[in-house]
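The values are calculated or read from the model by the stated rules, or taken from the named source; none is laboratory data. What you see is a predicted model, and the numbers here were worked out from it, not measured in a lab. Cβ coordinates were reconstructed from backbone atoms using ideal geometry, including for glycine residues, and neighbour counts include every protein chain displayed. Heads up: the accessible areas ignore ligands, DNA and RNA and are worked out on the full protein's heavy atoms, side chains in. Shrake-Rupley method; radii C 1.70, N 1.55, O 1.52, S 1.80 Å.
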Amino acid sequence: MLSLLKKLTAPTPVPVAAQPAADKVDPYMLGLHDAVLSGWFNQETGELFKGFPVTADDTLLDVGCGDGGNVHFCGMRGAKIIIADIDGAKVEATRQRLSDTPTRGVECHVTDCNPLPIADGTATRVVSTEVIEHVDDPAQFLAELVRVGQSGALYLLSVPHPSSEDLQKDIAAPEYFQKPNHIRIISEEQFKAMVSEAGLEIISHSQYGFYWSMWMMLFWEAKVEFSNPDHPLLNHWADTWQAVLDSPRGAQIKQALDAVVAKSQVIIARKP
């Protein structure tokens, strides 16, 4: 889900003829709300994700930072931020996004992460969301993440969940499963094995994102652009999911559906 947020939450002008009604559900803001309900961006506890607190004392590295949604939250907590991405434009956009936060400092790297241009034992928090499914050598990539973390550092790692990826196989555009996009589908057991074999201790393993899984399937059917995904299928789905969440047992229904078809799986781990 977060790879979608990175692509889709940037403001896009809407043509006059397609201006939404005042009460129309914004599918992206609804997706963000759904993520918060799943444990992301907890303003009260300072947790980027449940079990992953960030404070001003932390040095946080985000590898594959995208447009900076994760690190903006962490910058607002006052942490020192290190960002790394293969896309220089995204690194610059993230650097600019951090300019309005009380971060202790920002360090930027445009890199393919092989290796990371960062010293051993630098970070107390390491984040890499929706990246491992893209890289040629997951073991090498994770080894670099482990190398740059301090002893006791916490790791927040996510990849697409196979339940959602399997649904997309015969519906998604062919390039969705081609380099530089998703070149592998990672099972729950494979994900846990990758993280453990890299030398990290797994604290939690969870999944979420039924809303985005269904949105993606409808997106392929709608045949619209990411830059302006306005279509009745997508709009009606957003209306329906908003109604579900607003229902008396909405949270229970969401939890049950997230457990069946999830967009992402998340591991919180610790470096010994």
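Using the Cα gyration tensor of the range 156-253, with a ≥ b ≥ c the square roots of its eigenvalues, what is the shape: rounded (a/c below 1.5), prolate (a/b larger than b/c) or oblate (neither)? Note, shape of the range 156-253 comes out oblate. Taking 7 Å steps out from each Cα toward its Cβ at Glu107 and Asp246 produces label points 4.8 nm apart.
Restricting the calculation to Cα atoms, the range 34-188 yields a radius of gyration followed by a Dmax of 15.6, 47 Å.
Temperature 37 °C, viscosity 0.692 mPa s: under these conditions the Stokes-Einstein estimate for the range 107-187, based on its Kirkwood radius over C-alpha pairs, is 234 µm² per second. If you take the Cα centroid of the range 184-218 and the Cα centroid of the range 25-97, the two points sit 19 Å apart. Segment Ala193..Ser151, full-extension length gain: 13.1 nm, with 0.36 nm per residue of separation and the alpha-carbon distance subtracted. Quick check: the angle from helix 88-97's long axis to the longest principal axis of the chain, C-alpha only, nearest 10 degrees? Compared with the principal axis, the helix lies near 90 degrees. The antiparallel fraction among DSSP beta bridges confined to the chain stands at about 50%. Residues whose amide H lies under 5 Å from that of Glu107, counting only those 5 or more places away or on a different chain, are Ile81, Ile82, Ile83; hydrogens are built 1.01 Å from N in the peptide plane. Placing pseudo-labels 7 Å out from each Cα toward the beta carbon at His33 and Asp170 gives an inter-label distance of 3.4 nm. Accessible surface calculations at 1.4 Å, restricted to protein heavy atoms, place the chain at 46 Å² per residue. Taken over the alpha carbons of the range 179-227 as equal point scatterers, the Debye sum produces base-10 log I(q)/I(0) values at 0.27 Å⁻¹ of -1.08. The angle separating the long axis of helix 210-222 from the principal Cα axis of greatest extent in the chain is about 60 degrees. Evaluated at q = 0.14 Å⁻¹, the base-10 log of the normalised Debye intensity for the chain, with identical point scatterers placed on the Cα atoms, takes the values -1.02.
Tell me the angle of helix 232-246 to the major Cα principal axis of the chain, expressed in degrees between 0 and 90 and rounded to the nearest ten. Computed tilt is about 70 degrees. Note on Phe226 and Ile183: their simple-model spin labels are 1.8 nm apart, each label 7 Å out from Cα toward Cβ. Hey, what D do you get for the range 221-272 in µm²/s if you plug the Kirkwood alpha-carbon radius into Stokes-Einstein at 25 °C and 0.890 mPa s? Value of D from the Cα-based Kirkwood radius: 178 µm²/s.
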